[in-house]
Amino acid sequence: MPGNPHSQRQDPVLAVYRKSIDNIDAALIHMLAERFRITQAVGEYKAKAGLEPSDPGREARQIERLRALAIDAELDPEFSEKFIRFVIEEVIRHHQQAAER
């Protein structure tokens, strides 16, 4: 029965797709973890050097660059901008915390 969730779990084609999705999700998590390790070091450096936690000019350039990459990759640029803005906001929050220490 097509609507039966049990039959979906046993569908070999769906299982292959889901395995690929699981692998991609794992890679995304590892890449985000690495990105945040690096931005954490940047935040600590900025705090020690007396630099501002955020750099609006760089952030704007990054958003435009990633929107263009999204278009080239046939990914919705609005989605990519929302995603990177979320990441940037989190990085700035970490940098502000580093500056307060």
Reach of Lys46 by Cα under 13 Å, taken over aspartates and glutamates that are not fewer than 8 positions away in the same chain: Asp55, Glu100
Area accessible to solvent at His94, 1.4 Å probe radius, in Å²: 40
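Taking all protein chains together and a probe of 1.4 Å, list Val87, Val13 from the most accessible to the least accessible. It would help to have the intermediate numbers written out before the result.
Values: Val87 5, Val13 85 Å².
Ranked from most to least accessible, the order is Val13, Val87.
When only DSSP loop residues count, what GluC sites (Glu not before Pro) in the chain have their Cβ near at most 15 other Cβ atoms within 10 Å?
Within the chain, the qualifying GluC sites (Glu not before Pro) (loop, at most 15 other Cβ atoms within 10 Å) are Glu74.
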Nitroxide proxy distance, nm - points 7 Å out along Cα→Cβ at Leu14 and Glu44: 4.7
For the chain, built as a Gaussian network whose Cα springs stay under 10 Å, the top-fluctuating residue of Arg35, Arg58, Arg85: Arg58
Cα centroid separation - segment 32-66 against segment 14-31, whole Å: 28
Solvent-accessible surface (1.4 angstrom probe) belonging to Lys82, in square angstrom, nearest 10: 150
Solvent-accessible surface (1.4 angstrom probe) belonging to Asp55, in square angstrom, nearest 10: 70
Distance in nm between pseudo-label sites at Arg65 and Arg35 (7 Å out along the Cβ direction from Cα): 1.2
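Please say if the chain is rounded, prolate or oblate, where rounded means a/c under 1.5 for a ≥ b ≥ c the square roots of the C-alpha gyration tensor eigenvalues, and otherwise the choice is prolate for a/b larger than b/c and oblate otherwise?
Numbers: a/c = 3.63, a/b = 2.16, b/c = 1.68.
In terms of gyration-tensor shape, prolate.
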Tilt relative to the chain, helix 56-72 - C-alpha long axis, 0 to 90 degrees, to 10: 20
Rounded to 10°, Cα long-axis angle of helix 77-100 versus longest principal axis of the chain: 40
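With a 1.4 Å probe and every protein chain left in place, work out the accessible area per residue of the chain in Å², rounded to a whole number.
Computed with neighbouring chains in place, this is 78 Å² per residue.
The values are calculated or read from the model by the stated rules, or taken from the named source; none is laboratory data. Owing to the predicted nature of the structure, the values given are computational and were not obtained by experimental measurement. Don't worry about glycine lacking a Cβ; one is built from the backbone with ideal geometry, like all the others, and counts go over all protein chains shown. Note: areas computed on protein heavy atoms with side chains; ligands, DNA, RNA excluded. Shrake-Rupley method; radii C 1.70, N 1.55, O 1.52, S 1.80 Å.
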